[in-house]
Amino acid sequence: MGVKNLRLQIEIEERVLETGRRFVLQSRENPFNRPTIRSLAPEMCVSKSTIYKDLTEKLKEYNYALYEEAVQYLQLNKQERASRGGEATKEKYLALHSNPPQN
């Protein structure tokens with residue numbers, strides 16, 4: 001493995017660990033307003049799919065305990081999203097269509 005590849009591997013590992021630490025720490029600090037993959041992506045300057053893959057696949061290789069905790073918070077986020085059942089979309093739709101423009 002060349003120096004360039006090794007440096008890239010180290011950068012990826014650091015990003016994955018930092019993403020996991022931020023996600024778990026922010027989730028612990030404020031359990032009623034936990035971070036989401038969407039909110040974490042701009043902070044880490046990567047895409048949502050990269051955050052998801054980092055938390056659900058790569059973190060397991062680097063820090064299993066942190067991975068387990070992150071996955072628990074991801075599951076909680078998923079359960080809450082499912083229980084809301086698209087309320088935000090419904091509210092947005094009603095707001096757009098309940099006040100027709102006046103001429």
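The values are calculated or read from the model by the stated rules, or taken from the named source; none is laboratory data. It should be emphasised that the depicted structure is a prediction, and the values quoted were computed from it without experimental measurement. For neighbour counting, all protein chains shown are included, and Cβ atoms are generated from backbone atoms with ideal geometry for every residue, glycine included.
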*asked:* Scan the stretch 2-16 and tell me whether some residue there is closer than 20 Å to residue 75 by Cα, at pLDDT 95 or above and either touching a Ser or Thr at 6+ places or on another chain (Cβ under 7 Å) or not charged (D, E, K, R) (or both).
replied: yes
Of the residues in the stretch 44-58 that are hydroxyl-bearing (Ser, Thr, Tyr) and in contact (Cβ under 8 Å) with a residue 12 or more places away in the chain, the one that is nearest to residue 69 (Cα to Cα) is 56
The condition of being over 10 Å from the mean Cα position of the chain (by Cα), surrounded by 11 or more Cβ atoms within 10 Å (Cβ to Cβ) and among the hydroxyl-bearing types (Ser, Thr, Tyr) holds, among 52, 73, 62, only for 62
Q | Yes/no for residue 15 being over 16 Å from residue 81 (Cβ atoms) and either of a type in the set (Lys, Arg) or assigned to a helix (DSSP H, G or I) (or both) | A | yes
If we keep only residues of the stretch 75-90 that are free of Cβ contacts under 8 Å to residues at least 24 places away in the same chain and hydrophobic (A, V, I, L, M, F, W, C), then the residue nearest to residue 29 (Cα to Cα) is 82
Within the stretch 44-103, the residues that are β-branched (Val, Ile, Thr), at pLDDT 95 or above and in a helix (DSSP H, G or I) are 50, 51, 56, 71
